[in-house]
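One structure is given here, and the rest of the page talks about it.
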Amino acid sequence: MIQARCPICSKSFSTPTLADWPTFPFCSERCRLVDLGRWIDGQYVVPGPEVPPSPTPQANGSIEVDEE
Ligand SMILES: [Zn+2]
């Protein structure tokens, strides 16, 4: 017998084998998705595209374009 506690809702569960518990260590698919959502929201995805700093030394002043 395997016993565990759901890390989301803290319910204690037991099962004969893990094969009978596809959502281990979560009590249900709902709790599994809650945990997955926490990963996506908090840690896994960095908000916004990562833009490497690209120096543009000629962006201001070095190139003078006389268009007036
Ligand atoms: Zn749960």
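Things to note:
- Dimensionless Rg ratio for the range 2-44, taking C-alpha atoms and the 2.2 N^0.38 Å reference: 1.20
- Net charge contributed by nearby residues that have their C-beta within less than 10 Å of Pro22 (K/R +1, D/E -1): -1
A short reminder: the numbers here are calculations on the coordinates, not readings from a lab. Bear in mind that the values here come from a model prediction, so they are computed numbers and not experimental data. Cβ coordinates were reconstructed from backbone atoms using ideal geometry, including for glycine residues, and neighbour counts include every protein chain displayed.
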